[in-house]
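Asker: Below are the structure tokens for one structure; questions will follow.
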Amino acid sequence: MSDWTNIINAATTNDPLSGAINTPIQLSSTFNQKSFDEFGEYDYARSGNPTRDAGEKAIARLEYGHYGYLFSTGMAAISSVLFTLSAGDHIIVSKHVYGGTFRILEDVLPRWGIMHTFVDFSDVATIEAAIIPETKAIYIETPSNPVLNITDIRAVVALAKQYHVCTIADNTFLSPFLQKPLDLGVDIVVHSATKFLAGHSDILAGAVVVNDKNWPIKFILSKMPLVQR
């Protein structure tokens, strides 16, 4: 299947109630349940609703991933992924990372004991030199925003696997049409969907795509107040 066909199929759904090919917007905050102890697929909109579910399935399909999660902004998506780290953990990040990500790493996460090191991702040896026993993740952004620095994703993934740390890739600037980090071995893909995926300056949105259902992204999505309600 071509990427163009995949985009069409991912973006065009069939609403089971009305047959509409455009997903209806569900405005309800709560959903009816059959009984006190028998819950349906949806209960409270913060943890999921049919509209968001359709979008999450679409972004997962576009990234060739298994599980997609939508957020209110790109920074909500990125922050939620970073919030899976714990006190004492260390993350290595491209020094050309997006400004919002830089500020979360510099101004917020250190207050919770999460450490970081910014390095030049054009040099894999420099990344390797920054790895310490507490390193839990390597954060890639390629092309970077706004200076468009390029990272060799395969090389960074190989290094990460050697040291048993996870990889996170911001795929905002190329989109899944031009780059699929999961296919290159990355563990977590993040997007500011406000940009390439939307492209019309008319919405704010963020996305996360993974293959491993055990990542606690869904839990954070449903509990944190900064994510889409």
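The values are calculated or read from the model by the stated rules, or taken from the named source; none is laboratory data. Nothing here was measured: the structure is a model prediction, and the numbers come from that model. Positions of Cβ are generated from backbone atoms using ideal geometry, with glycine treated the same way; all protein chains shown enter the neighbour counts.
Asker: So is Leu70 under 18 Å from Leu182 (Cα atoms) and not in a helix (DSSP H, G or I) or not?
Answerer: yes
Asker: While we're here: So Ile21 passes all but one of these: (1) surrounded by 13 or more Cβ atoms within 10 Å (Cβ to Cβ); (2) in contact with a Ser or Thr (Cβ under 8 Å, 6 or more places away or on another chain); (3) not charged (D, E, K, R). Which condition number does it fail?
Answerer: Looking at each condition in turn, Ile21 falls short on (1).
Asker: Out of Val186, Val190, Val208, report the one residue that is assigned to a loop (DSSP other than H, G, I, E, B), within 18 Å of Val97 (Cβ to Cβ) and not aromatic (Phe, Trp, Tyr).
Answerer: Only one candidate passes the filter, namely Val186.
Asker: Let me ask something else. Can you say whether Ile91 is touching a helix residue (DSSP H, G or I) at 6+ places or on another chain (Cβ under 7 Å) and modelled with pLDDT of 95 or more, as far as the supplied structure shows?
Answerer: Considered against the rule, which asks whether it is touching a helix residue (DSSP H, G or I) at 6+ places or on another chain (Cβ under 7 Å) and modelled with pLDDT of 95 or more, Ile91 comes out as no.
Asker: Could I ask something else about it? Identify, please: which residue in the range 157-208 is crowded, with 22+ Cβ neighbours inside 10 Å and among the small types (Gly, Ala, Ser) and is, among those, farthest from Thr73 (Cα to Cα)?
Answerer: Result: Ala160.
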